[in-house]
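I have placed the structure first, in the form of structure tokens, so that the comments after it can refer back to it.
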Amino acid sequence: MELSPSAHVDTFPRDSLPPADQWPRLEFPTPELQFPERLNAAAELLDAAIAVSGPDRPAIRTDTGEVWSYGELRTRARQVAEVLTGDLGLVPGNRVLLRSPNNPWTVAAWLGVLLAGGVVVTTMCALRARELGPVVARTRPAFALVDSRYLDDVEELRATEAPDLVVLPVGGDGGGDLVARCATKPGEFTAVDTAADDVALFGPTSGSTGVPKITTHFHRDLLAIDATFGRHLLRLRPDDLVACTAPLGFTFGLGMLVVFPFRAGACAFLAEAAPPARLADLVQEHGVTVLATAPTGYRQILKSGNVGRLRGLRAAVSAGEHIPQVVWEAYERELGLRIIDGIGATELLHIFVSAAGDDIRPGTTGRPVPGYRATVLGPDGEELPPGVEGRLAVIGPTGCRYLDDERQRSYVVDGWNVTGDTFSRDADGYFTYRSRTDNMIVSSGYNIGGPEVEAAIDTHPDVVESAVVGEPDPERGSIVCAFVVLRDGVAGDPATARAIQDHVKQQLAPYKYPRDIRFCPSLPRNSSGKLQHHVLRRIVEDEGAARLAPSS
């Protein structure tokens, strides 16, 4: 596919795209998906929202009572762009790492980078230096905008691996940080005239191998997800207040809290921490009308008995993993709320199979969102008939373009994006989730690569070797289960298990730690010495099935 003339002076993002013959097929079949050749997504998001709702309408509300209007958000985003270009010397195409929780300045920084023609590298605050290192090495950011409370891991990384990285704190007491610098700028920045197919976003995945894949997304892609899922299924209104528990470092959270609300002129509700136990209270206290979270959140609200506090919702979205039918039915029964389930992927930016309203068939994920088409592939890449399980494959206006990565060849098959999920479809085109086809563990909506956890466990001085699998869990869908062989003389007791868990938490994001550790004298291997994860999976899956089976 021929690309438009780029606005990027730093050509690394486009130079690192995969060869054209490895791209997925891209299709733009609806009128909403016809984008102009020149497009700056941040300018479009802000200007379109102000055209719909006016500059004085709230764009962001927080759980602490802070309110930013659309006019204020646009001014602060422009000020961020002025700081990046005028104070730090950013040129279009430079990458900017963001590390900050969900708050208004994070949104302003994200928009400001795009206005300046930069490329946002999204990360989560939970990631440790060990996890950030490969992301920084692969994306080569020139700058990092980091919440002052989360500087330590970035400073450690700069000291050891990225000495040229310019780190600017956001907030704090030091002065000269991003907020203080923005206060000195007029906020009159003119957005860089980027191409619609200039790279705007690098989104790291939680790779099953522990080595992150870096997905690349264009300016037009950020608008395409609204022209598909946002417009046709979510259908936000200007009077909506939208909450989502996913961090902005997840493309699910980015869509729900930035792209979709701003395209509709609605308001995003931001909370830096919204555990399920508190989520229902926040929805009720602040008048949230649209909620997005993982099935774990919906399950825990049910379990807490606080489901009645969600009566003000007019819509709810579930993603990250398939929502159990019994949970879905409980919300319909209690509230008359038909939760919108969906499957998406970082590689395609957001949800591409889903259903809403009367189109929902409980137990299925849904049908391809308008603008996408999907099928089920067999082992040789052939399309399978209805009722047969196989690999989910998708084509649409967005698609997988890994940053200089050989794994591009396995994700894209004959133009299809092959997601790593096993599905079946019925004669009416509804898709039903069956399982993952790789060794990814999906826990509470988070993707966790088993090999990454194994590598962290194996660095503990008392561990000889380990193997990690997903263990079925009624609350989280799956949890990380580690089978561990200890060195001679070390007791496999609860104290050792806790020590290993704490060791992993120091190296990886805390949500990745093994909640279940099983000590064993050896790990199963085949005749050639290869570790047999499938044997361990069968053990935990059989145990899980036995626990969940109804008693006679």
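Every number in this text was worked out from the coordinates using simple rules, so none of it is lab data. Predicted, not measured: the structure shown is a model, and the values here were computed from it. Counting neighbours? That spans all protein chains shown, and the Cβs are built from the backbone with ideal geometry, glycine included.
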Taking just the alpha carbons, could you work out the radius of gyration and Dmax for segment 1-113, both in angstroms?
17.0, 50
Karplus (6.51, -1.76, 1.60) ³J(HN,Hα), θ = phi - 60°, over segment 409-422, in Hz, Gly and Pro reported as x:
5, 8, 7, 9, 10, 6, x, 8, 7, 9, 7, x, 10, 9
Cα extents of segment 291-448 along the three principal axes, largest first (Å)
48, 35, 26
Of Ala316, Ala77, Thr122, which is farthest towards the positive pole of the chain's charge dipole, taken about the Cα centre with +1 and -1 on the beta-carbons of Lys, Arg and Asp, Glu respectively?
Ala316
What chymotrypsin sites (Phe, Trp or Tyr not before Pro) does segment 102-176 have in DSSP loop regions with at most 10 other beta carbons within 10 Å?
none
When the dipole is taken about the Cα centre of segment 442-548, and only Lys, Arg (+1) and Asp, Glu (-1) are charged at their Cβ, what size is it in debye, to the nearest 20?
140
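Which of the peptides 21-31, 507-517 is most tightly packed, and how do the rest follow, going by the mean number of other Cβ atoms within 10 Å of each residue?
Numbers: 21-31: 14.5, 507-517: 19.6.
By packing density, highest mean first, the sequence is 507-517, 21-31.
Label the chain by shape, choosing from rounded, prolate and oblate, from the square roots a ≥ b ≥ c of the eigenvalues of the Cα gyration tensor; if a/c is under 1.5 it is rounded, and otherwise prolate applies when a/b is larger than b/c, oblate when it is not.
Values: a/c = 1.41, a/b = 1.24, b/c = 1.13.
Rounded, because the longest to shortest axis ratio a/c is under 1.5.
How big, on average over all directions, is the shadow cast by the Cα convex hull of segment 90-203, in nm²? Walk me through the intermediate numbers first.
Values: hull surface 28.8 nm².
Approximately 7.2 nm², given one-decimal rounding.
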For q = 0.10, 0.15, 0.17, 0.22 Å⁻¹, Debye-computed log10 I/I(0) when each Cα of segment 442-548 counts as one equal scatterer
-0.27, -0.61, -0.78, -1.26
How big is the charge dipole of segment 286-380 about its Cα centre, in debye rounded to the nearest 20, if each Lys and Arg gets +1 on its Cβ and each Asp and Glu gets -1 on its Cβ?
380
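Using the 10 angstrom Cβ neighbour count as an exposure proxy, how do Glu72, Glu332 rank, fewest first?
Values: Glu72 18, Glu332 13.
Starting with the residue having the fewest Cβ neighbours, the order is Glu332, Glu72.
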Considering only DSSP states other than H, G, I, E and B, which GluC sites (Glu not before Pro) in segment 29-61 qualify as loop sites with at most 10 other Cβ atoms within 10 Å?
Glu37
Which one of Asn94, Leu111, Ile214 is farthest out on the positive end of the charge dipole of the chain, using unit charges on Cβ (Lys, Arg +1; Asp, Glu -1) and the Cα centre as origin?
Leu111
If you put +1 on each Lys and Arg Cβ and -1 on each Asp and Glu Cβ, how big is the dipole of the chain around its Cα centre, in Debye rounded to 20?
720
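Going by how many other Cβ atoms sit within 10 Å of their own, how do His217, His286 line up, fewest first? Mind dumping the intermediate values first?
Details: His217 27, His286 17.
Exposure proxy ranking, most exposed first: His286, His217.
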Have a look at Gly287, Thr160, Ala51 and report the one farthest towards the positive end of the charge dipole of segment 30-370, computed about the Cα centre with Cβ charges (Lys/Arg +1, Asp/Glu -1).
Gly287
Take the Cα pairs of segment 222-303, get the Kirkwood Rh, then feed it into Stokes-Einstein at 37 °C and 0.692 mPa s and tell me D in µm²/s.
255
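How do Met256, Met124, Met440 rank when sorted from fewest to most other Cβ atoms within 10 Å of their own Cβ? Spell out each step's value before the answer.
Details: Met256 30, Met124 23, Met440 20.
In increasing order of surrounding Cβ atoms, one gets Met440, Met124, Met256.
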What the 10 Å binned alpha carbon P(r) of segment 260-321 shows, as percent of pairs per bin from 0, is 21, 58, 20, 1
